[in-house]
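Since the structure comes first, as structure tokens, the remarks are kept for the end.
What follows is calculated from the coordinates using simple rules that are stated; it is not laboratory data. Just so we're clear, the structure is a prediction, and the values are computed from it rather than from any experiment. Glycine gets a Cβ as well: all are built from the backbone with ideal geometry, and neighbour counts include every protein chain shown.
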Amino acid sequence: MTDFFGTLIPFLLIHIICDFYLQPDSWVEAKKAHTYRSTELYFHSLLHGVGLILPAMVLGIDWRSTFCLVVIVAVTHFVIDLWKVTTPKGDKLAYFVIDQALHVLVLAAIAFHVTDGASIDAVLQHEHFFDGVLVVCAYLLILKPTSIVIGAVLSKYPIVNPADVNEVKTEVGGDIDTDTVTQAVTDTQTATNTPIATNSAAPITSVSPVNDESTYVSGLVAGGELIGYLERLLILTFTLVGSYAAVGFVLAAKSIFRFGELNQSANRSMTEYVLIGSLLSVVITTLIGALVSLGFK
């Protein structure tokens, strides 16, 4: 497998240089404006093909295979880029990822073909194949599935507006438990047709309309979901490489940034809500990372 990666890595290096460093912004705009009539699209595709001549010579690939390599890469790059620039929402991140994945797959297929001794059986029988599958599964688990689990747990702990809690206590009279207050405020919302806010990443049940400035929460749409994804990616990566001190650094950095927001909040339930979500994220990710590490050969 060393030969395969030894062939693929120089190909990827040329792709990165040609796609991100040797392609000016004017070429990108010209491709979007003129699509298949853009000369820049042809130049860019040809550059990718010709650029692979250098690693092909270094790797000792014969001239016939090198010629086929140049043609295949140039043509496939033209087709993939043309698809991207003609797509109405081609500037979105998803299309960028698909575009780059297709380019890498083409280069991987070529490297697989020109590498002696490389085969599907060799890949499956490689000593680290099982480890690779475990790592991929771990990264997939900490994203959407973990968000669903955290959201399901947090849905049992609604954020209560202190102003509404005091109002309900005054109406009912005396001190009552939180569940009774939550249910009373929820019933009030249902009767008045007040919408209950939710969040797709971690469903938040707001038992009261946010009418107090001290409990008003603003931020990016789905920002919490993205922050959670990035946090879990870092924690899992540091756990797998055994850098537990770095995990502590991630937690400390997040705590510092959130301390000011939570310290200024008069809503205790909001503080507890954030802490529960953060700790759940850390615990689940750390456990998955530890289990995967134990499963390594």
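Descriptive notes on the structure:
- For the peptides 144-155, 74-85, the ranking by packing is 74-85, 144-155, with the highest mean count of neighbouring Cβ atoms within 10 Å listed first.
- Derived value for the range 10-128: Kirkwood hydrodynamic radius 15.3 Å. Basis is the mean of 1/r over every pair of different alpha-carbon atoms.
- Under Karplus coefficients 6.51, -1.76 and 1.60, residue-wise ³J(HN,Hα) of the range 74-86 in Hz, glycine/proline x: 5, 5, 5, 5, 4, 5, 5, 5, 5, 4, 5, 6, 8
- With 0.36 nm allotted per residue and the present C-alpha distance subtracted, the ASP121-LEU102 stretch has 4.5 nm of extension available.
- Each semi-axis of the equivalent ellipsoid for the range 43-96 is √(5λ) with λ an eigenvalue of the Cα gyration tensor; in descending order they amount to 28, 10, 8 Å.
- In terms of the mean number of neighbouring beta-carbon atoms within 10 Å, the peptides 86-94, 11-19 order highest first as 11-19, 86-94.
- With a Förster radius of 35 Å applied to the C-beta separation of LEU233 and ILE53, the computed FRET efficiency comes to 0.40.
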